[in-house]
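Note sheet for the following structure.
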Amino acid sequence: MAVSGIVMVLYLIVHMIGNLKAFSGAEAFNSYSGWIRTVGNPALPGATTLWVIRIVLLVAVVAHFWAAISLWRQAKRARPQGYVTKKPVAQSYASRTMRWGGVIVGLFIVYHVLDLTLGVANPEGYDSTPYERLVASFSNPFATAFYIIALVLLGMHLRHGIWSATQTLGQSNKRRERTVNAFALVFSVVLIGGFLLTPFAVLFGVID
């Protein structure tokens, strides 16, 4: 789970930086989208690099979900009888909603691909440019609201996930716990903040 999570976080960083190209205008954003499909040319044919990235990312997503289900099953087998009383204070809100947050983010990824990548769920359709699809999608307050909710849940998922990953990989202890928590929070806020800049800019007419 930790390793697949790291792969997805690295992708999110690159994706967020790419999204910010929208502030440079339609030509810059469309050129960037076109460049992604030609990375490695002419040594590699067509969109080979892009498809390698997509396959690695898909494997990471599937592995992450599989790991989550496996860990949940192990926990259930280890303690088939639930606690008589639960102490929610001992857990953060993010950790208690980790599974449902993950499911909602997973559904959002499917919608995001259909909307902005394939264009089948976008008002501008598949034949439009990436910039046109981005503006059309985020001009809709309902689509933007869904995007914001999913990103906030992703941020909570990330904050708890980063902290958990450092535990799993042996990079955290009692002495470092406060530092790790602070890093996880700041990283999640900066990353999600970067993603939120584009939809808000479209919604308020800064990008059109």
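What to note about this one:
- Packing, as the average of other Cβ atoms within 10 Å across residues, places the peptides 40-51, 154-165 in the order 154-165, 40-51, highest first.
- Membrane-span-like helices of the chain, defined as complete DSSP H segments with a Cα extent of 24 Å or more along the helix axis and a mean Kyte hydropathy of at least 0.5, are identified as 2-19, 48-78, 141-168, 177-203.
- Sequence of Y147, Y126, Y131 once ranked by neighbouring C-beta atoms within 10 Å, starting from the fewest: Y126, Y131, Y147
- Projected label distance in nm at E27 and W100, using a 7 Å step from Cα toward the beta-carbon: 4.9 nm
- Solution diffusion estimate, µm²/s, Stokes-Einstein, the stretch 106-155, Kirkwood Rh from C-alpha pairs, 10 °C, viscosity 1.306 mPa s: 146 µm²/s
- Compactness of the chain as Cα Rg over 2.2 N^0.38 Å, two decimals: 1.15
- Between A78 and V3, the contour length at 0.36 nm per residue exceeds the alpha carbon distance by 24.6 nm.
Coordinate-derived values only; no laboratory data. Predicted model only: the values in this text are computed from it and were never measured. Here the Cβ is made from the backbone with ideal geometry for all residues, glycine too, and neighbour counts use every protein chain on show.
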